[in-house]
1. Can you give the FRET efficiency for residue 60 and residue 103, using 1/(1 + (r/R0)^6), R0 = 45 Å, r = Cβ-Cβ distance, to the nearest 0.05?
2. Per DSSP H run of n ≥ 4, the term is -39500 (n - 2.57); total these for the chain, divide by its residue number, and report the mean residue ellipticity at 222 nm rounded to 500 deg cm²/dmol.
3. Under the √(5λ) rule applied to the eigenvalues of the Cα gyration tensor, what semi-axes describe the equivalent ellipsoid of segment 3-77? Give them in Å, descending.
4. Compute the helix-to-body angle for 13-23: its Cα long axis versus the longest principal axis of the chain, expressed 0 to 90° and rounded to tens.
5. Please report, to one decimal in angstroms, the Kirkwood hydrodynamic radius of segment 89-169 built from all distinct Cα-Cα pairs.
6. Kirkwood Rh, the chain, all Cα pairs: how many Å?
7. At a threshold of 8 angstrom on Cα-Cα distance, excluding pairs fewer than six apart, so keeping six or more, what relative contact order does segment 89-169 reach in percent?
8. Separation between the residue 52 and residue 12 pseudo-spin-labels, each 7 Å from Cα along Cα→Cβ, expressed in nm?
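Each reported figure results from applying straightforward, stated rules to the coordinates on display, with no laboratory input. Keep in mind the model is a prediction, meaning the values are calculated, not measured. Glycine also receives a Cβ, built like all others from the backbone with ideal geometry; neighbour counts cover every protein chain displayed.
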């Protein structure tokens, strides 16, 4: 079952309550009615619709939710891995552990891993461009709420240089093929 079909099927609150009752262990019709708190005719209609969609099977009066279809729909709906622009599989593995949707989830404690993360983050700054501190803060705040610690790490690692409140990139890799 595709994720969009599952969402459409569960868009009706009564069907969602019936699915919840089944997920909570209600197996017989009277149990589904009791656990869902819905009138029997509404439960019967919802069960028929869920059975027609093959989300519920009924054998000898026992209702069973086909949970594997939820898992399948979740897998289909999940976004693919984020392209981090990294070629080295070891570096990509480190970045995937600490970066989600372009944001740093937390600072790595191991220096080697922190260095990989910082080299990735510094690519947000163009080589040869001078940035006032407030611009650096704005760029880094989009990566992590503690932009001051992040800025300090970048300077300490020699990836950014600072003088009189102005910063410029002095380290990290540069994509020479970029336009």
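1. The formula returns an efficiency of 0.30 here.
2. Dividing the helical sum by the residues of the chain leaves -15000 deg cm²/dmol.
3. In descending order the semi-axes read 20, 13, 10 Å.
4. 90 degrees
5. Kirkwood radius, segment 89-169: 12.8 Å.
6. 20.4 Å
7. The normalised contact order for segment 89-169 reaches 31 percent.
8. 0.8 nm
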